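Presented below is the structure to which this report refers.
A short reminder: the numbers here are calculations on the coordinates, not readings from a lab. Because the structure is predicted, anything quoted here is derived from the model rather than measured. As a convention, Cβ positions derive from the backbone with ideal geometry for all residues, glycine included, and neighbour counts pool all protein chains shown.
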Ligand code: HBI
Ligand code: FE
C-alpha cells in the first residue's frame, strides 16, 4: 500500500520536533484567526479604514527583527479613546478584584487614559523587573510558537487596538488585553517562573502535548484565579482585561476548581460569553512546583 505503518506512527508521534535554539528561531509569522483579514462577525469587518490600519500595523510587526527596538505607533484619537475606556472601566475593579502581585506591579507602567502605551517602553520596564521582553506580532500567534517564546522569556504581543464600535469586546488579543492583562503580571518574578515552566515544556512537546499546554496556559495565564486571605482574586489576563469577566468571576454563576496540571482540562470556550469555569491556585510557587512536576513527566514521556 501507499502508506506504510512506519510513516503513520511517525505522523502520530511527531518525533521530529526540532526545538528553536534561540528566540530568532521562533517563527513569529504564523498568525491564526483574523490577522488583518477580518471575518464577517468581527466588529471591524465593515470598516475599510480599520482594516487598512490593521494591515499597516501587521506589516510593521512582520518587519521587526529580534534585538531591534519595537517601532512606535502614532495611535489615532479613536484608538486612544478605546484604550482609555478599557483602562477606566477595568481599573475601577482592580483594588477589589486583582491579585496582590498585579496591584503591586501595575503602577510601574504609568498607564494613562490619554495615551496608548508603546510596546518598547513596556518591554524595557519588564526587562528591568524580571528580564522578560515583548516581541511584536501581527495577531493571534500559532500556539507552539507562542509557547516557545515563553521559554525565551518573551511575550509575543499584538500592537493594534480593538474596533472602537465595541470597546468592551474583542474576539482576539489586542494591545488593551496584552498591556492591561499580561504585562503587569510579567513584572512579577514568581509569576514569571510559573510561565517560564510552561514555555520550557513546550520546546520538546509533540502536538498532543502542545494542546494540553495550551489548555494549561488558558486556565492559568488567561483565566486563572488565586486565593488570597480567603478571598478570590484574578491573575489571568482574560479576566484582568475585561470588566465583565471581573464581575463574572465573583458572581454565583461560575464553577471554581483547584488547578492541577495533570488533570484532564475541559475544552476551551472562546465563544459563549463569560467563563463558566475557572481554576484557582493557592500560590504561584505552588503552581510552579506542580508545573515543574508535569514538565519533568513530559520530558520522560
Ligand atoms: N498570540 N498574540 C498572541 N497573544 C496571545 O495571548 C496568544 C497568542 N497565541 C496563542 C495564545 N495566546 C494562547 O491562547 C495559547 O494558544 C498558547
Ligand atoms: Fe492573552
query: How many residues, within the range 235-259, are in contact with a strand residue (DSSP E or B) (Cβ under 8 Å, 6 or more places away or on another chain) and more than 16 Å from ligand 1 (Cβ to nearest atom)?
result: 9
query: Restricting the search to the range 37-54, which residues are surrounded by fewer than 14 Cβ atoms within 10 Å (Cβ to Cβ), within 22 Å of residue 156 (Cβ to Cβ) and more than 21 Å from the chain's Cα centre (by Cα)?
result: 39
- prompt: Restricting attention to the range 131-143, and to residues there that are buried (at least 20 other Cβ atoms within 10 Å of the Cβ) and part of a loop (DSSP other than H, G, I, E, B), which single residue is nearest to ligand 1 (Cβ to nearest atom)?
  reply: 137
- line: If you go through 284, 235, 259, the only one that is without any contact (Cβ under 8 Å) to a residue 60 or more places away in the chain, crowded, with 17+ Cβ neighbours inside 10 Å and farther than 20 Å from residue 142 by Cβ is 259
- line: Looking across the range 153-169 at residues that are assigned to a loop (DSSP other than H, G, I, E, B) and surrounded by 22 or more Cβ atoms within 10 Å (Cβ to Cβ), the single one that is farthest from ligand 1 (Cβ to nearest atom) is 163
query: Any chance the range 207-228 includes a residue that's more than 14 Å from ligand 1 (Cβ to nearest atom), part of a helix (DSSP H, G or I) and either within 18 Å of the chain's Cα centre (by Cα) or more than 23 Å from residue 145 (Cα to Cα) (or both)?
result: no
- request: Could you list, in sequence order, all residues of the range 72-87 that are without any contact (Cβ under 8 Å) to a residue 40 or more places away in the chain and under 21 Å from the mean Cα position of the chain (by Cα)?
  value: 84
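Going by the conditions given, is residue 120 within 12 Å of ligand 2 (Cβ to nearest atom) and on the phi < 0 side of the Ramachandran plot? Give the steps one after another, and end with the answer.
Working: within 12 Å of ligand 2 (Cβ to nearest atom): no; on the phi < 0 side of the Ramachandran plot: yes.
Considered against the rule, which asks whether it is within 12 Å of ligand 2 (Cβ to nearest atom) and on the phi < 0 side of the Ramachandran plot, residue 120 comes out as no.
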- prompt: Would it be correct to say that residue 195 is on the phi < 0 side of the Ramachandran plot, part of a helix (DSSP H, G or I), surrounded by fewer than 24 Cβ atoms within 10 Å (Cβ to Cβ) and under 13 Å from the mean Cα position of the chain (by Cα)?
  reply: no
- prompt: Across the range 81-117, which residue is surrounded by the fewest Cβ atoms within 10 Å (Cβ to Cβ) among those that are in contact with a strand residue (DSSP E or B) (Cβ under 7 Å, 6 or more places away or on another chain) and not in a loop (DSSP other than H, G, I, E, B)?
  reply: 100
